[in-house]
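J.: This structure is in structure tokens; I'll ask about it shortly.
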Amino acid sequence: MRCSVYFPAVIAGLVGIDDVLAGNWTQLSAGPWSGREGLMVASTQGKLVLTGGRTSSGAGFSDEVWTSTDGGSWTLAAKAPWEGRSYHILVGPDANNCIFLMGGQTFKTFFNDVWSSCDAGSTWTEVVSAAPWKGRAGLGGTMHKGKMVITGGCHDNLPYDPGFLRTFFNDVWESTDGKQWDLVTAAAPWKARSGTRLMSFQDRLFIIAGEVGFTDDTQLGDIWSSADAGKSWEMLSQAPGFSARSGHGVVAIGSSLVLIAGWPELSDIYSSTDGAKWKKAAGTAWNCGNSGVRNDSCGKFDFWPVVHDQQLFLLGGSGSRSTFGKLYDETWALPLAAQFDVASIVV
């Protein structure tokens, strides 16, 4: 019997990740949600779900939930029951199409509550009011082998502290339901940090960059990997080729990790097939130019990246090093599938 099976694939010698990342970005919208940093966005059930963020030039914390199917038109969902916040994490969807919002901060509170939504942000249920991990913002989180994993982040020891008395974390926690949490390790060997990115890729966990402050010399660029769900870690690279940074974006596209921009007001893009060696892309995020150097006109950090509907989306972000400054309300997209070849295999 003969049949044709079609599946998307990157064909060697044809179109690959380098070609995709060299493409042009399209701005799909400006608003209607207000400019914000530290927002979190997930793709679930055919929708982008945007949550929270620091707004009002940095003076406010949003409890809004916005949804969109295409990144161009947005709908404000019903008021969420969780308190407004930024620098939280949004993990999922899980096998039941549920997304989980946890952690984050205001100027006076660092959260360790967990909320779930199984209807693309329309309604939310409190899973636990106080998880066993300490309240924190700037944490990393991901789904990994059917479990939620969180790590890192920071906690201010004094309300309204501008960051001088922060405690940084390098503990690792996991949960299957968001309610019961198990401590995987109390202190990973990498430097405790905030603004890091935790990724599940090729059956391993990866910690990528981060910060321990708000200056150039407090940014981190090291990369670590774990093959046992966070119990033990090995350093893959101390200096991976991109500058130390935080508030950056990292996504998995096919067989590559893709790193995007970050603090301070960067727009460069890198890719890696193993997490250790990184290649700089020809293109820049937001078509910003001046790749690899600070660009106050269009470089961003504390935005959020998400792959949705065969496109890479970048949403929101900050363009100011100061506590209060320029925040973006923009949604940008880079096509993915149209630039990948489709193979026809006869079996």
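The values are calculated or read from the model by the stated rules, or taken from the named source; none is laboratory data. Worth saying up front: this structure is predicted, and the values here are computed from it rather than measured. Note that we place each Cβ from the backbone using ideal geometry, even for glycine, and neighbour counts take in every protein chain shown. Please note that ligands, DNA and RNA were not included when accessible areas were found on the heavy atoms of the full protein model with its side chains. Shrake-Rupley method; radii C 1.70, N 1.55, O 1.52, S 1.80 Å.
J.: By the gyration tensor of its Cα atoms, with a ≥ b ≥ c the square roots of the eigenvalues, what is the shape of region 128-201: rounded for a/c under 1.5, prolate for a/b over b/c, or oblate?
T.: It comes out prolate by the Cα gyration axes.
J.: Could you work out the relative contact order of region 165-274, using alpha carbon pairs under 8 angstrom and six or more residues apart, expressed as a whole percent?
T.: Once normalised by length, the contact order is 18 percent.
J.: Measure off, as a whole percent, the carbon and sulfur share of the 1.4 Å-probe accessible area of region 35-110, all protein chains present.
T.: Summing carbon and sulfur atoms, their accessible area is 46 percent of the total for region 35-110.
J.: Only Cα pairs within less than 10 Å get springs; with that Gaussian network setup on the chain, which residue of Phe214, Phe313, Phe100 has the largest fluctuation?
T.: Of the options given, Phe214 has the highest mean-square fluctuation.
J.: Ordered by residue, what ³J(HN,Hα) values in Hz, to whole numbers, does region 217-228 give under the Karplus form 6.51 cos²θ - 1.76 cosθ + 1.60, where θ = phi - 60° and Gly and Pro are x?
T.: Once rounded to whole Hz, the list reads 7, 10, 7, 10, x, 6, 10, 10, 9, 10, 9, 10.
J.: Considering only protein heavy atoms, what per residue accessible area in square angstrom results for region 207-321 with a 1.4 angstrom probe?
T.: 34
J.: Just by accessible area at a 1.4 angstrom probe, what is the order of Met143, Met102, Met235 from largest to smallest?
T.: Final ranking, largest accessible area leading: Met235, Met143, Met102.
J.: Explain nothing, just compute: Karplus ³J(HN,Hα) = 6.51 cos²θ - 1.76 cosθ + 1.60, θ = phi - 60°, for every residue of region 273-280 in order, whole Hz, x for Gly and Pro.
T.: Calculated HN-Hα couplings, in order: 9, 9, x, 9, 10, 10, 10, 6 Hz.
J.: Ok, one more. Go ahead and set up a Gaussian network model of the chain, Cα springs under 10 Å, then flag whichever of Gln105, Gln180, Gln311 fluctuates most.
T.: Gln180
J.: What order do Glu64, Glu265, Glu234 take when sorted by accessible area (1.4 Å probe), most exposed first?
T.: I get Glu234, Glu64, Glu265, largest accessible area first.
J.: Let me ask you something else. Report, in whole Å, the centroid distance computed from the Cα atoms of region 217-285 and region 40-108.
T.: 24
J.: Accessible area per residue of region 106-205 at 1.4 Å probe, in Å²?
T.: Numbers: 4200 Å² over 100 residues.
Counting only protein heavy atoms, the per-residue value for region 106-205 is 42 Å².
J.: Under a Cβ-only charge scheme (Lys and Arg +1, Asp and Glu -1), can you give me the dipole magnitude of region 122-266 about the Cα centre, in debye to the nearest 20?
T.: Working: 12 positive and 15 negative charges, 40 e Å.
For this selection, approximately 200 debye.
J.: Could you look at region 180-323 and say what percent of its accessible area is carbon and sulfur, using a 1.4 Å probe and all protein chains?
T.: Answer for region 180-323 is 48 percent, counting heavy atoms of protein chains only.
J.: With a 1.4 Å probe and all protein chains left in place, how much accessible area per residue does region 20-103 have, in Å²?
T.: So region 20-103 comes to 34 Å² accessible per residue, rounded to a whole number.
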